[in-house]
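J.: Okay, here's the structure, questions in a sec.
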Amino acid sequence: MTEMTYRQALHDTIRAEMLRDERVFLIGEEIGVFEGSYKITTGLLAEFGPRRVRDTPICEEGFVGAAIGAAMLGLRPIVEIMTINFSLLAIDQIVNHAAKMHAMFGGQVSVPLVIRMPGGGGQQLGATHSQNIEVYYAHVPGLKVVAPSTPADAKGLLAAAVRDDDPVLIVENLALYNTRGDVPDGDHVLEIGTAAIAKEGTDITVVAYSRAAAIAVDVARRLEDEGISIEVVDLRSLRPLDRSTICASVRKTTRAVVLEDDWLSYGVGAEIAATIQEGAFDFLDAPVRRVAAAEVPLPYAKSLESAALPDAAALVKVVHDTLDATRFGR
Amino acid sequence: MPELDTEAPDVLRGYYQQMTLVRAFELRAAEMYTRAKIGGYCHLNLGEEATVVGLMAALGPQDYLFTSYREHGYALARGLDPGRVMAELFGKAAGVSGGWGGSMHLFDTSARLLGGYGVVGGQIPPATGAALAVAYRSDPGPDAEAVMCLMGDGATNIGAFHESLNLAAIWHLPIVYVVVNNGLGMGTPVEAASGEPELFRRGCAYRMPGVRVDGNNVLAVRAAASAALAAAREERQPTLLEATCGRLRGHSVVDPARYRSREENERLRALDPVPMFRSRLIEAGVLDLAAASTIEAGAEEVVSAAVAFAEESPPPAVDELFVHGYATLVPNMPDLLPGEPILGVEGVIGQR
């Protein structure tokens, strides 16, 4: 184990995969000379040269589509989209093309493509640069969507994505890049499609992913002092979704709250709540609650931005409300 | 313009045979569509036969081909089995895409036909990326691989067209973009849709050679495509090649094309490349009436056999619905039919 930042874990894993497999190359805006808008690709152009680290003009549809075509011929591109917001410019290539090709062409071709992109608000970047729109992609058959919450998971899921023959979207989060954690040394490859019990508990389940999972683990540790035992399910993979792990946890704890950075209506939490009511109906002692972002374009002003985003305090309140509703501890 | 008398008669007869096959196949596809044997959309290459055969004659077996959704003829001229192409149109398991794609999404790995694409211009960025992969893994040379990316005139107005040509230019990719300009994007004339209606000129924005060729002349098309492919192979020089031709029918089988005048229809019929090529071959002494009839009857036979094959083929089995969902299997793959419980029946009825 080595302690490092989420950013460093991504960087080191990209480098390791490039050393391991000649077919792996990087493509995106400002990833080479500029070394990445968030410095994930620092030093890689100098080490691997412009053939393996390909700077592109500003044209998401063009370069994401080009990565798809390169993947069809057997290369394994890792695309960096500067932020998830700009993936909307490439959504036709992602949803209508990358996601469809394997099935639509009768299994004759696969698209071993990785798209990395950070999302998330809280940086005063305004409405168009602060979104959590991973659910747009998590809805689509043919895609795999993962959202690591720790440096270790960033390594394990990125390595798995590069070695997977399907298009895998890695949803990163700006607020996580500087977070630190222990990362396994050597090869560390996680299984896409499985959730993790980030912390075991017995009283209530909190389901979360990405930045929200990190908050949930933090809250769970704090509330232990109050005698509340929270089990945190870190989804890690939004598609496929590990419904069994979610339901097994709720069957044990009998209560559930979802913490998510995306908007409430039609968000990831809606799918989780539906999963729980179907897969753990007879075990539930309280309605499933969701702590999600306020449904507005995220404002610039700090006071408004903070009010709109879910945080630890909101989660603590809803956990308490859910427990109180079932006379927990009384 | 290449002349008939410098070309081997066998080759010319072969082109006529291919053009005749495309014509017969498409007419029969239209008939099968009206008889509800073919579903969805069905776009035909009628009027485009000289362009189809000329382009495919220039394309080498090592080259990759991406097309739009108006693609049956290209698949046939690329050597795909007509029975398996018709079976795809019929939605059968023996179809070239296993019944998953239909008319717009023909695919064949061995022929390096990397797809028909149903979204206008959707193939242009992936084709550009295929050329990037070729450049990534091999050196230029006379036998090097190249990519041909076909599109209709309407596709030159989308953003992905311009983004892709720009990438091909700055990265020096071995690709030939071919605009098959039949004058109409569905019902909209090119002049109403494109600020520069001479579409080959759009290459100049990227310092890319733009070439226009008479798409009704199979030898001219072959010559222009061969030159562009050579530049792609040997110099990594992309080209924008425009082939002008006519669309003899509506946008798709169901379109009666009422927006076109009788005069325009007559003009197009006079330029119909199949009878025109036939007359030229007969005049040049390459073909006599008996040989022409033999070729035409042969095409009808092939198409009849293709229809029979498609008719007799079974549809894909329902239990294979999730077989092609993903290439790499991971836990918790979605596999529920409508109405099935998420954890299986036992999981749902579990009680505390």
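J.: Can you sort A:HIS97, A:HIS139, A:HIS129 so the residue with the fewest Cβ neighbours within 10 Å comes first? Could you put the intermediate results ahead of the total?
T.: Details: A:HIS97 26, A:HIS139 14, A:HIS129 19.
Result, fewest neighbours first: A:HIS139, A:HIS129, A:HIS97.
J.: Please identify the trypsin sites (Lys or Arg not before Pro) of segment B:12-61 that satisfy two criteria: DSSP loop assignment and at most 14 other Cβ atoms within 10 Å. Which are they?
T.: Qualifying residues, ordered by number: B:ARG35.
J.: Averaged across the residues of A:49-62, what count of C-beta atoms belonging to other chains lies within 10 Å of each residue's C-beta?
T.: Mean shielding count: 4.
J.: Moving on to the next point. Looking at segment A:2-183 only, what percent of DSSP beta bridges run antiparallel? Nearest 5 please. It would help to have the intermediate numbers written out before the result.
T.: Values: 4 of 24 bridges.
Taking every DSSP beta bridge with both residues in segment A:2-183, the antiparallel ones total about 15 percent.
J.: Still on this structure: Determine the relative contact order of chain B: mean sequence separation of Cα pairs under 8 Å and six or more apart, normalised by residue count, in whole percent.
T.: Relative contact order for chain B comes out at 22 percent.
J.: Where does each of B:VAL22, A:VAL111, A:VAL24 land when they are ranked from fewest to most other beta-carbon atoms within 10 angstrom?
T.: A:VAL24, A:VAL111, B:VAL22
J.: If you don't mind, there's one more thing I want to ask. Over all residues in B:117-128, what is the mean tally of Cβ atoms on other chains that come within 10 Å of each residue's Cβ?
T.: What the average comes to for B:117-128 is 6.
J.: Among the lysines, which have Cα under 21 Å from the Cα of A:LYS144 when same-chain residues fewer than 8 positions away are ignored?
T.: A:LYS100, A:LYS155
J.: Given a Förster distance of 45 angstrom, what is the FRET efficiency for B:MET276 paired with A:PHE86, based on the Cβ-Cβ distance and rounded to 0.05?
T.: For B:MET276 and A:PHE86, the calculated efficiency is 0.35.
J.: How much length, in nm to one decimal, is gained on full extension between B:GLU301 and B:ALA193, taken as 0.36 nm per residue of separation minus their Cα-Cα distance?
T.: Gain on extension, B:GLU301 to B:ALA193, equals 34.8 nm.
J.: Can you give me the C-alpha center-to-center distance between segment B:265-309 and segment B:214-260, rounded to a whole angstrom?
T.: If we compute the Cα centre of each part, the gap is 20 Å.
J.: Okay, next question. FRET efficiency for A:ARG180 and A:LYS39, Cβ-Cβ distance as r, R0 = 22 Å, nearest 0.05?
T.: 0.90
J.: Considering only A:PRO151, A:PRO297, A:PRO77, give the residue with the highest GNM mean-square fluctuation for chain A, with springs between Cα atoms whenever their separation is below 10 Å.
T.: With Cα springs under 10 Å in chain A, the top fluctuation among A:PRO151, A:PRO297, A:PRO77 is at A:PRO297.
J.: Between A:ILE58 and A:ARG221, what length in nm is gained on full extension when 0.36 nm per residue of separation is reduced by their alpha carbon distance? Before the final figure, lay out the partial values.
T.: On the way: separation 163, 0.36 × 163 = 58.68 nm, distance 4.34 nm.
Extending this stretch completely gives an extra 54.3 nm.
J.: Same structure, new question: Please report, in debye to the nearest 20, how large the charge dipole of chain B is about its Cα centre when each Lys and Arg carries +1 at its beta carbon and each Asp and Glu carries -1 there.
T.: 620 debye
J.: Another question, if that's okay. So for the pair B:THR6, B:GLU320, with labels modelled 7 Å out along Cα→Cβ, what separation do we get in nm?
T.: For B:THR6 paired with B:GLU320, the spin-label model returns 4.9 nm.
J.: Counting GluC sites (Glu not before Pro) as exposed when in a DSSP loop with at most 13 other beta carbons within 10 Å, what is the longest stretch of chain A free of them?
T.: Formally, the longest exposed-site-free interval is A:23-199.
J.: Please give the helix A:151-163 orientation as an angle from the longest Cα principal axis of chain A, in degrees from 0 to 90, rounded to the nearest 10.
T.: 50 degrees
J.: Just want to confirm a number: the relative contact order over segment B:1-136, from Cα pairs under 8 angstrom separated by 6+ residues, in percent.
T.: Normalised by residue count, the contact order of segment B:1-136 is 21 percent.
J.: Turning to a different aspect of this structure: How far is it, in nm, from the label point at B:ILE342 to the one at A:ASP311 when both lie 7 Å from their Cα along the line to the Cβ?
T.: Modelled inter-label distance: 3.1 nm.
J.: Sticking with this one: Which order results if A:ASP225, A:ASP166, A:ASP261 are arranged by neighbouring Cβ count within 10 Å, fewest first?
T.: A:ASP225, A:ASP166, A:ASP261
J.: Further question: Compute the long axis of helix A:243-253 from its Cα atoms, compare it with the longest principal axis of the Cα atoms of chain A, and write down the angle in degrees, 0 to 90, nearest 10.
T.: Between helix and principal axis, roughly 20 degrees.
J.: Only helices at least 30 Å long along their axis, Cα-based, and averaging 0.0 or more on Kyte-Doolittle count here, so list those DSSP H runs from chain B.
T.: Helix filter hits for chain B: B:289-312.
J.: Right, next: On a C-alpha basis, how far is the centre of segment B:129-184 from the centre of segment A:252-330 in Å? Whole number, if you could?
T.: 49 Å
J.: Still on this structure, please answer the following. From the helices alone, meaning DSSP H stretches of at least four residues, give me the mean residue ellipticity at 222 nm for the protein assembly as shown, per-run term -39500 (n - 2.57), in deg cm²/dmol to the nearest 500.
T.: -12000 deg cm²/dmol
J.: Segment B:1-83: which GluC sites (Glu not before Pro) are DSSP loop and have at most 14 other beta-carbon atoms within 10 angstrom? Please report the intermediate quantities before stating the final value.
T.: Working: sites: B:GLU3, B:GLU7, B:GLU26, B:GLU31, B:GLU48, B:GLU49, B:GLU71; in loops: B:GLU3, B:GLU7, B:GLU48, B:GLU71.
Counting only loop positions with at most 14 other Cβ atoms within 10 Å, the GluC sites (Glu not before Pro) in segment B:1-83 are B:GLU3.
J.: Farthest toward the dipole's positive end in segment A:196-325, which of A:LEU304, A:ALA274, A:TYR209, given Cβ charges of +1 (Lys, Arg) and -1 (Asp, Glu) about the Cα centre?
T.: About the Cα centre, the residue reaching furthest to the positive side is A:TYR209.
J.: Sticking with this structure for a sec: What's the angle, to the nearest 10 degrees (0 to 90), between helix A:211-224's Cα axis and the longest principal axis of chain A?
T.: For A:211-224 against chain A, the angle is about 30 degrees.
J.: Loop-only chymotrypsin sites (Phe, Trp or Tyr not before Pro) in segment A:1-67, please: DSSP not H, G, I, E or B, and at most 15 other Cβ atoms within 10 Å.
T.: Here the sparse-neighbourhood loop sites are A:PHE34.
No value in this document is a laboratory result; all are computed from the given coordinates. On a predicted model such as this, the values are computed, not experimentally measured, just so you know. Note: ideal-geometry Cβ built from the backbone for every residue, glycine included; neighbour counts use all protein chains shown.
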